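One structure is given here, and the rest of the page talks about it.
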Amino acid sequence: MKFAFVAIAFLTLLDQGSKILVRYYVPLYEGTVLLPNFLELTHVENKGVSFSFLADLPKIIRLPLLLSVSTIAVVGMLYYLIRYWHSIDSYLKLALIWIIPGALGNLIDRAIFGAVTDFLHFRWYDISFFVNNLADCLISIGVVFFVCSTLFAKPQEQQKTEPSSETSPPPHNH
């Protein structure tokens, strides 16, 4: 479990470091091509969540809402990871190890700046898809592991307290 917390701390610091560099060195709304027709470095501030959802809410409602939901999510995932570490499968452990720093990184941005710093602008030629950040990528990777957990994890053995069909009394015939 120690590795999990080191990984979470490292990934959170990596996310925050990337955002600090973008805020410092990349002017707001300026784009630089990284991979032609696919990826640009574009600094934007997202006041909402994915695809700027809820960004138009008044700050007095939006910020407490997003901060409280994010805090509950991060604390809940950390609790679950710690509480069930020995009973959850490896895919679910990896899912949480990737999702928690992503959620925490965006929570830190909202708490300090009132918005999340996004900078990875994905596009296909003239079609712009979205701008996100490292935290969003971490969450996406974690979701892949979560899906793998639901698809490939072995079901837990039946509890020994359940009666087996061999020891059950035969049904009564009337």
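Scanning region 43-65 for any residue that is at pLDDT 95 or above and either within 25 Å of Trp98 (Cα to Cα) or of a type in the set (S, T, N, Q) (or both) turns up at least one such residue.
Output the residues belonging to region 67-109 that are hydroxyl-bearing (Ser, Thr, Tyr) and over 12 Å from the mean Cα position of the chain (by Cα).
Ser68, Thr71, Tyr79, Tyr80, Tyr84, Ser87, Ser90, Tyr91
Selection of region 88-140 for residues being more than 18 Å from Val26 (Cβ to Cβ) and of a type in the set (Phe, Trp, Tyr) yields Tyr91, Trp98, Trp124, Tyr125, Phe129. For region 2-22, filtering for residues that are more than 19 Å from the chain's Cα centre (by Cα) and at pLDDT below 95 leaves 1. Do you know which of the residues in region 74-128 that are in a helix (DSSP H, G or I) and of a type in the set (Lys, Arg) is surrounded by the fewest Cβ atoms within 10 Å (Cβ to Cβ)? Of everything passing the filter in region 74-128, Arg83 is surrounded by the fewest Cβ atoms within 10 Å (Cβ to Cβ).
The values are calculated or read from the model by the stated rules, or taken from the named source; none is laboratory data. Fair warning: this is a prediction, and the values are worked out from it, not measured in the lab. Reconstructed Cβ throughout: ideal geometry from the backbone, glycine too, with neighbour counts over all protein chains shown.
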